[in-house]
Amino acid sequence: IRVKVDENLLVNTSSLIWTHSLPEEVVKIIPVFPFRFYIIRDGRDVVNSYIHFNCSPVMRRLNPDYKIDNPRELYSKLDVFRKYVLLWKRHVESYLKVKDFFIEVRFEKLVNFGEDFLKIMKLFGVEDFIDE
């Protein structure tokens with residue numbers, strides 16, 4: 001189910017927006033936010049996540065025509081695999097066009113209170129709660 005949301009209402013009443021939209025599209029509505037993060041995740045993890053999501057029961061509920069429930073079967077469909085790689089590539093290329101609007105963080109450096117997690121805590125002024 002897709003819901004049409006008034007972008008201005010969302011931006012003017014929210015303190016956090018999480019989106020999978022292309023950064024060059026989102027950058028038009030987010031300048032009012034003092035912190036804008038772009039989380040980069042290893043492309044292999046992104047493609048793997050796409051494949052597993054598309055084999056999940058959630059996906060089959062969202063799209064009943066989608067019948068593949070085995071990730072190995074989906075990995076073997078090179079056209080689908082290529083599509084997911086190109087989606088990730090397009091997203092990163094979009095980010096590179098507008099990267100000056102964002103603070104770049106790496107997913108792998110966020111988990112387990114990594115260095116990018118600490119960077120974010122310092123930006124928000126809560127570094128006092130961090131044991132190093």
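The values are calculated or read from the model by the stated rules, or taken from the named source; none is laboratory data. These numbers come from a predicted model, not from an experiment. Glycine also receives a Cβ, built like all others from the backbone with ideal geometry; neighbour counts cover every protein chain displayed. Accessible surface areas use protein heavy atoms only, side chains included; no ligands, DNA or RNA. Shrake-Rupley method; radii C 1.70, N 1.55, O 1.52, S 1.80 Å.
Details
- Residue among 43, 33, 55 farthest towards the positive dipole end of the chain, charges placed on Cβ: 55
- Contour minus Cα-Cα distance for residue 113 and residue 82 (0.36 nm per residue): 7.9 nm
- Comparing 80, 98, 58 in a Gaussian network model of the chain where C-alpha atoms under 10 Å apart are linked, the largest mean-square fluctuation is found at 58.
- Using just its DSSP H runs of length 4 or more, each adding -39500 (n - 2.57), the chain gives a mean residue ellipticity at 222 nm of -14000 deg cm²/dmol after division by all residues.
- You can think of it this way: the chain between residue 104 and residue 58 has 13.5 nm of extra reach, that is 0.36 nm per residue less the Cα-Cα gap.
- For segment 56-70, 3J(HN,Hα) per residue [Karplus equation, 6.51 cos²θ - 1.76 cosθ + 1.60, θ = phi - 60°, Hz, x = Gly/Pro]: 7, x, 4, 4, 5, 6, 5, 9, x, 6, 7, 9, 6, 10, 10
- Under the Karplus curve 6.51 cos²θ - 1.76 cosθ + 1.60, θ = phi - 60°, whole-Hz ³J(HN,Hα) for segment 84-99, x wherever Gly or Pro sits: 5, 4, 5, 4, 5, 4, 4, 5, 5, 4, 5, 4, 4, 5, 10, 4
- Scaling against 2.2 N^0.38 Å puts the C-alpha radius of gyration of the chain at 1.25.
- 17 Å Cα-Cα reach of residue 67 towards lysines, excluding residues that sit fewer than 8 places from it in its own chain: 77
- Magnitude of the charge dipole for the chain, about its Cα centre and with charges confined to Cβ atoms of Lys, Arg (+1) and Asp, Glu (-1), is about 740 debye.
- With 0.36 nm allotted per residue and the present C-alpha distance subtracted, the residue 45-residue 30 stretch has 2.7 nm of extension available.
- Within segment 48-132, the trypsin sites (Lys or Arg not before Pro) that combine a DSSP coil assignment with at most 14 other C-beta atoms in a 10 angstrom radius are 67, 77.
- Where 52, 91, 20 fall by accessible area, highest first, once all protein chains stay in place (1.4 Å): 20, 52, 91
- For residue 106, the residues whose amide H sits under 5 Å from its own are 40, ignoring neighbours fewer than 5 places away on the same chain, with H placed 1.01 Å from N.
- Gyration tensor (alpha-carbon) shape descriptor, segment 75-132, a/c threshold 1.5: oblate
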